1. Which of Leu180, Leu93, Leu52 comes first, and how do the rest follow, when ranked by fewest Cβ neighbours within 10 Å?
2. To the nearest 0.05, how large is the calculated FRET efficiency for Glu72 and Leu17 if R₀ is 30 Å and r is the Cβ-Cβ distance?
3. Using the number of other C-beta atoms within 10 angstrom as an exposure proxy, rank Arg102, Arg177, Arg120 with the fewest first.
4. Which one of Ser118, Leu26, Ser38 has its Cα pushed farthest toward the positive end of the charge dipole of the stretch 7-118, where Lys and Arg give +1 and Asp and Glu give -1 at the Cβ?
5. Please list, in chain and number order, the residues 5+ apart from Val107 or on another chain whose amide H is under 5 Å from its amide H, with Hs placed from the backbone.
6. Does the stretch 7-118 classify as rounded, prolate or oblate by the C-alpha gyration tensor (a ≥ b ≥ c root eigenvalues; a/c under 1.5 gives rounded; else a/b over b/c gives prolate, otherwise oblate)?
7. Using per-residue counts of other Cβ atoms within 10 Å, averaged over each peptide, order 131-141, 12-22 from highest down.
8. Would you mind putting 31-37, 122-128, 149-155 in packing order, based on average other-beta-carbon counts within 10 Å, highest first?
Amino acid sequence: GEAGKGKTTLLKKIALLWANEDHPSLMRFKLVFFISLSGVEARLYETICVQLLRKNYRICKEDFMEILELLEEKVLFLLDGYDEFKSQSCPELEALIKESHRFKNTVIVTTRTESIQSLRLFGSLIAETGDLTVESAKTLVKNVLKEATIAEGLLSQLESLDSTFQKSGTQLENLMRTPLFVIIACAIQMGESTFTPQTQTTLFSTLYNLLVGKNKHKTR
């Protein structure tokens, strides 16, 4: 999927559902690892220690790799951001993705649309994270902005958009198709209730100004 469409959030949601035992289909996995591929600078075991454990762990590398081999498909790897992955930094992860006969673990990989060709031959299933509908954007706003008074301004703009939805191509419509931009608009709404998300430029510049203003207030 494209940037900001929710790929990372999807993988983290899967990990959270497994950790909380909230989804029956995930209970077949004994271990689940979420790994950000953009930050990989070492081998598989070391990467997991750095990104997930963050302290010395009792299981040594040899025992850990043996567990992966023993559990096979009952280990789920959630690998985020293949488009930012430097395969030479961790050949084991590259093999985990492209040599399923070797590791036999279950792997879900996210990547941007332009990099999908690198993975197409190795995936048994390919799915795309797409645009939000107006209704989905409204639901996201309500979930993020719990207080109705804060959400009201942004929701009224979406209501207006919904009534003219046939006129595709408006700036607001394009922004509200992307989950990341909706979240940013919600964050801005908390500090600037009269803000109207017109373009990506105004969205990011307004967020930047709010953050700078907040930091200035802290340092006084």
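1. Details: Leu180 16, Leu93 24, Leu52 11.
Ordered from fewest to most neighbouring Cβ atoms within 10 Å, Leu180, Leu93, Leu52 come out as Leu52, Leu180, Leu93.
2. Working: r = 21 Å, r/R0 = 0.71.
Efficiency at R0 = 30 Å is approximately 0.90.
3. Working: Arg102 11, Arg177 19, Arg120 8.
Final ranking by Cβ density, sparse to dense: Arg120, Arg102, Arg177.
4. Farthest along the dipole direction, towards plus: Leu26.
5. Phe77
6. On the way: a/c = 1.37, a/b = 1.08, b/c = 1.28.
Because its axes are fairly even, with a/c under 1.5, the stretch 7-118 counts as rounded.
7. Working: 131-141: 17.0, 12-22: 13.7.
Going by the mean number of other Cβ atoms within 10 Å, highest first, we get 131-141, 12-22.
8. Working: 31-37: 19.4, 122-128: 9.6, 149-155: 17.1.
Packing order, densest peptide first, comes out as 31-37, 149-155, 122-128.
FYI, it's all coordinate maths here, none of it is from the lab. The shown structure was predicted, so the numbers you read here are calculated from the model rather than taken from an experiment. Positions of Cβ are generated from backbone atoms using ideal geometry, with glycine treated the same way; all protein chains shown enter the neighbour counts.
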